[in-house]
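Q: Below is a structure I'd like to ask you about.
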Amino acid sequence: MPAGLIALAIGAFGIGLTEFVIMGLLPEVAASYGVSESAAGWLISGYALAVVVGALVLTAATTRLPRKPVLLGLLVLFIVGNALTALAPDYGTAMVGRIIAALCHGAFFGIGSVVAAGLVAPAKKAGAIAIMFTGLTAANVFGVPFGTFLGQQFGWRSTFWVISAIGVLAFIGIAALVPALADPDESISLRRELRAFRSGQVWLSLVVTVLAFGGMFGAFTYIAYTLTEVSGFANAAVPWLLVLFGAGLVIGNAVGGRLADRAIDRTLIVFIAALVVVLALFALLAGSAVATVVALFLMGGFGFGTVPALQSRVMHFAGGAPTLASGANIGAFNLGNALGAWAGGVGISAGLGYTSPIWIGALITGAALVVIVVAAARMRVPAADVEERMPAAAAAPR
């Protein structure tokens, strides 16, 4: 296995950690700046919206630039943004730091996938990309609980200093271990990539991504408050409960990928419908510690089980110009994160309680179910025929 893949995976680990760890630290961040829970949630929404911008603008702007220097430049943004967040004396500065760090997110995963594939023989490309995305999975399973624990014990800023150090390690690793690759094909152009957006199915796929993840993250953004204020868990238990969510993520992604190999739209319909049910039951039974534990695991499983199918669907309908469409889908995941965080915050600010983000998430996810059913029905050829030609993605993009 090329050592450069490990360096790329470390970068993916750091980016995944900086996006998700703040969800477990929202109470500490809000108390530090003297802001409300919903205002603290905007540090998640702001990050997610900046990912959308970076995924589209930076990917488009760097399409024909040498890839290794681009990756290193993106990691500089990541390091600077997280260091600024750790130093931020006020809420506004923390938001600026989050936005700077987020700009590298989508472009790093999009370009990093191409670089990872170029490090191995053609027959091993999917495996190489999967190794890179292992960093993202590890961030959710191990990094987020550990980062939450670290922030609770030594202050939330300590977590962002560690994330900055991870960025430095990834920078050194990529600089030393990833070889200089050939420049991108001259036939690649922004105009060609934009053709993908002529497809109505591409747009429907992006809408499903936004809504499905908006629903799940509407519930998950304020999960620390739900766990402590509704379910009755101690603050110290939150990191370990997040491990359950991460375990569901890993299993759901693996199972969803295998099922999507057989039937993309059917997998999406089943998993999204199941997620609606899980969220509704979670909202009803959040006062039960046992029910909460089960719901966390299933929420991660069904939520992230849709990722391979969603990425495969948008790339399929993008035809011969999948790069920008793939980046747009990464942006769509994060637009969903922003939507969910905002909508959940509205529920809390309206005095509807800490289960209101879960109810709102169930409604948003229900809208995703309606859209995927409509999208499947609008396909011009029998769904089974199309699905047989739609390969599932090897790993989750985030």
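The values are calculated or read from the model by the stated rules, or taken from the named source; none is laboratory data. Just so it is clear, the model here is predicted, and its values are computed rather than measured. Neighbour counts are summed over all protein chains in view; Cβ atoms, including those assigned to glycine, are modelled from backbone coordinates with ideal geometry.
Q: So which residues in region 32-42 are part of a helix (DSSP H, G or I), surrounded by fewer than 24 Cβ atoms within 10 Å (Cβ to Cβ) and either of a type outside the set (Ser, Thr, Tyr) or touching a His at 6+ places or on another chain (Cβ under 6 Å) (or both), if there are any at all?
A: Step one: filter region 32-42 for residues part of a helix (DSSP H, G or I), giving 32-33, 37-42.
If we keep only those that are surrounded by fewer than 24 Cβ atoms within 10 Å (Cβ to Cβ) as well, we get 32-33, 37-39, 42.
If the condition is that a residue be part of a helix (DSSP H, G or I), surrounded by fewer than 24 Cβ atoms within 10 Å (Cβ to Cβ) and either of a type outside the set (Ser, Thr, Tyr) or touching a His at 6+ places or on another chain (Cβ under 6 Å) (or both), then Glu37, Ala39, Trp42 are the ones that fit.
Q: So, one more: When both residues are 6+ apart or on different chains and their Cβ atoms are under 6 Å apart, which pairs have a first residue that lies in region 244-265 and is within 21 Å of His316 (Cβ to Cβ), and a second that is among the charged types (D, E, K, R) and surrounded by 22 or more Cβ atoms within 10 Å (Cβ to Cβ)?
A: Ala263/Glu387; Ile264/Arg313; Ile264/Glu387
Q: Could you run through region 250-264 and say how many residues are modelled with pLDDT of 80 or more and buried (at least 24 other Cβ atoms within 10 Å of the Cβ)?
A: Within region 250-264, residues that are modelled with pLDDT of 80 or more and buried (at least 24 other Cβ atoms within 10 Å of the Cβ) number 3.
Q: Assess whether Leu194 counts as being part of a loop (DSSP other than H, G, I, E, B) and either exposed (fewer than 14 other Cβ atoms within 10 Å of the Cβ) or modelled with pLDDT under 90 (or both).
A: No: the conditions fail for Leu194.
Q: Anything in region 71-83 that is touching a helix residue (DSSP H, G or I) at 6+ places or on another chain (Cβ under 8 Å) and either surrounded by fewer than 20 Cβ atoms within 10 Å (Cβ to Cβ) or hydroxyl-bearing (Ser, Thr, Tyr) (or both)? List them, or say none.
A: Correct list: Leu72, Val76, Val80.
Q: Six or more apart or on different chains, Cβ under 9 Å: which pairs go from a residue in region 274-290 that's without any contact (Cβ under 8 Å) to a residue 40 or more places away in the chain to one that's not in a helix (DSSP H, G or I)? Could you list them?
A: Taking only residues 6 or more apart or on different chains, the pairs are Ala274/Gly305; Leu284/Thr355.
Q: Now for a separate question. Return a yes/no flag: does region 88-95 have any residue that is assigned by TED's automatic domain parsing to the domain that holds Leu8 and under 20 Å from the mean Cα position of the chain (by Cα).
A: Yes.
Q: Within region 10-27, can you find the residues that are over 13 Å from the mean Cα position of the chain (by Cα) and at pLDDT 90 or above?
A: Passing the criteria: Ile10, Gly11.
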